[in-house]
Amino acid sequence: MKKLALHWKIIIGMVLGIIFGFIMNTVDGGKGFVIDWIAPFGKIFINLLKLIAVPLILASLIKGISDLKDISKIKTMGLRTIIIYVGTTLVAIIIGLTIVNFVGPGKGMPQETIEKIKLKYENDAGVVDKLAKASAQQDAGPLQALVDIFPSNIFTSLGEAKMLQVIFFALFVGICLLLIPEKKAKPLVDFFDSLNEVVMKMVDLIMLFAPYAVFALMANVIIAFDDTTILVKLLKYAGCVVSGLALMIGFYLFLIKVYTKKSPQWFLNKISPAQLLAFSTSSSAATLPVTMERVEEHLGVDKEVSGFVLPVGATVNMDGTSLYQGIAAVFIMQVIWPEGLTFTNQLVIIATALLASIGSAAVPSAGMVMLVIVLESIGFPAELLPIGLALIFAVDRPLDMCRTVVNVTGDATVSMMVAKSLNKLHEPKPKEWDDHYEAVK
C-alpha cells in the first residue's frame, strides 16, 4: 500500500482540528479542555521547530558561503536575492492597493458595527500591546535597524533568536573561512557540514509529529473566535486580503513556470508541507527549518543558495504582510478617515510598507505592529489608531495565517530563481528520517 504523502496527513490533521475546535466551542468546558489538554502539543511542536532554526541557519549559511570558494559569488548572490525580494514585495503592495481601492470594503460600514467593534477591541490587551511595540520602534533612531544587524554578543543573539544578527555572524564567519588557507578552514567547515546534516535529520523526525501538532494548533485557533457576528461583518475586508494573497501565489507560480521552467503543480506539491505549517503556526521563523528541508531536498536548490536566501527571506521578505498592510491601511481610512485617501498618501504607504516589511519580525501578528508605523507615516490621527486596529483585530489571526503562507511561498520561489540564475538548481534528492535506521537499530 502506497504511503500517504506528508501534506495529505497535515491537511487531514488540519481539517479534523477545525471540526474538533467547532465542536468544543459548543460544549460546556470545551474551550478550557482544548486550552489545557490540546493546545500544549501545538506549542511543543513550534518550540521544537524554533529550537533547530538558529543552528540550522548558522550551519547551512557558514557551510554554503565557505563552499562558494569565491567572495565575488557572495556579492552576486546577495544582490540578486535582495533585488528579487524588493521586486516581489513591490508587486504585492501594488496588488493589495489596487484591490482595496477597487472593492472599497470599508465604504458604507454601519456605524453600529464600528461602535460594537470599538467597544469590544479598543482596550483589548492585544491592541494595546501592538500600539506599545510600534511606539517603541518609532522612538528608535532612523539607523537603529542598521545598528540592530550587528551583534555585540553572538551568544545572546543565538539565545534570543535575533535572525539578522545570526545571519550577519554566519556570513562573517563564512567569509573569514574563505580568507584563510583551506587546510586551516577544513575542520570548522566539516563541523558545520556535519551539524547541518544532523539538524536536517531533526527536521525529518519533528515532521513525523506535524499532523498531530497541526490538529492541536487549528483546534486552538478555532476556539478563540467566539464572536462570529463581527467576523461576518468583516468578511468583505478579509476577502480582499485573501484575494490579493491568492494573486500573489499565482504570480509566484508564473515566475516558477517562466523562469525556472518547472511545473507550478510540481512546485506546490513539493512545498505544500511548509505552506501548511506556515498556515498553522503563523510564523515564517518557526517554519524555516521545514522550508529549508523542502527547498533543498525536494525542489533541488543547492545548500549554498538555500542557506543564504531562505534565512534572509524569513527576515526581510514579507510579501504577504506587505500586501496586508496596504489593504488594511486603506480599509481603516475608508471607514474612519476617508479624507486621508489621497494619491500621495498611497504612494507613502507603498514606500513605508516596503521598508516596514524588511524590519518586520517573522512571528505571529508582527504585521499589525508594522501597520501602526505605516498609518502614522501618512499622518493618521493618533487618537483614531486604537479604533483602527480594533476594526481589523477580530480577523487578524486567520489573515495572519494566510499571509504567512505567501511569505514562505515567496521565499521558496526566490530561492529557486536565484539558484537557477547561478546554475545551482539540480534534480531533487529527498531524504527520509529512517535512511540510516537499518544500520543502527
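The values are calculated or read from the model by the stated rules, or taken from the named source; none is laboratory data. Since the structure is predicted, the reported quantities are computational estimates derived from the model, not experimental observations. Here Cβ is always computed from backbone atoms with ideal geometry, including for glycine, and neighbour counts include all displayed protein chains.
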Looking at 86, 100, can you tell me which residue is touching a helix residue (DSSP H, G or I) at 6+ places or on another chain (Cβ under 8 Å), of a type in the set (Val, Ile, Thr) and surrounded by 20 or more Cβ atoms within 10 Å (Cβ to Cβ)? 100
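I need the helices (runs of 4 or more DSSP H) fully contained in the stretch 32-126, keeping only those with at least 2 residues that are within 22 Å of the chain's Cα centre (by Cα). Let's see the steps before the verdict.
Values: elements: 39-68, 71-103, 111-121.
The qualifying helices (runs of 4 or more DSSP H) are 39-68, 71-103.
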Inspect all residues belonging to the stretch 247-264 and state whether any of them is surrounded by 24 or more Cβ atoms within 10 Å (Cβ to Cβ), modelled with pLDDT under 95 and over 24 Å from residue 61 (Cα atoms). no
Are any of the residues in the stretch 317-327 out of contact with any His (no Cβ under 9 Å at 6 or more places or on another chain) and surrounded by fewer than 24 Cβ atoms within 10 Å (Cβ to Cβ)? no
Please go through the stretch 253-307 and give me each residue that is aromatic (Phe, Trp, Tyr) and farther than 19 Å from residue 216 by Cβ, ordered by number. 254, 259, 266, 267
Restricting attention to the stretch 200-246, report how many residues are within 30 Å of residue 108 (Cα to Cα), surrounded by 21 or more Cβ atoms within 10 Å (Cβ to Cβ) and modelled with pLDDT of 95 or more. 4
Only one of (1) over 17 Å from residue 293 (Cβ atoms); (2) surrounded by fewer than 18 Cβ atoms within 10 Å (Cβ to Cβ); (3) touching a helix residue (DSSP H, G or I) at 6+ places or on another chain (Cβ under 8 Å) does not apply to residue 385, and that is (2)
Determine whether residue 327 is out of contact with any Phe, Trp or Tyr (no Cβ under 9 Å at 6 or more places or on another chain) and in contact (Cβ under 8 Å) with a residue 24 or more places away in the chain. no
Could you tell me whether the stretch 419-440 includes any residue that is more than 30 Å from residue 50 (Cβ to Cβ), assigned to a helix (DSSP H, G or I) and either more than 25 Å from the chain's Cα centre (by Cα) or among the aromatic types (Phe, Trp, Tyr) (or both)? yes
Quick check: anything in the stretch 271-292 more than 30 Å from residue 392 (Cβ to Cβ) and not basic (Lys, Arg)? yes
Out of (1) surrounded by fewer than 24 Cβ atoms within 10 Å (Cβ to Cβ); (2) at pLDDT below 80, what's the single condition that is false for residue 357? (1)
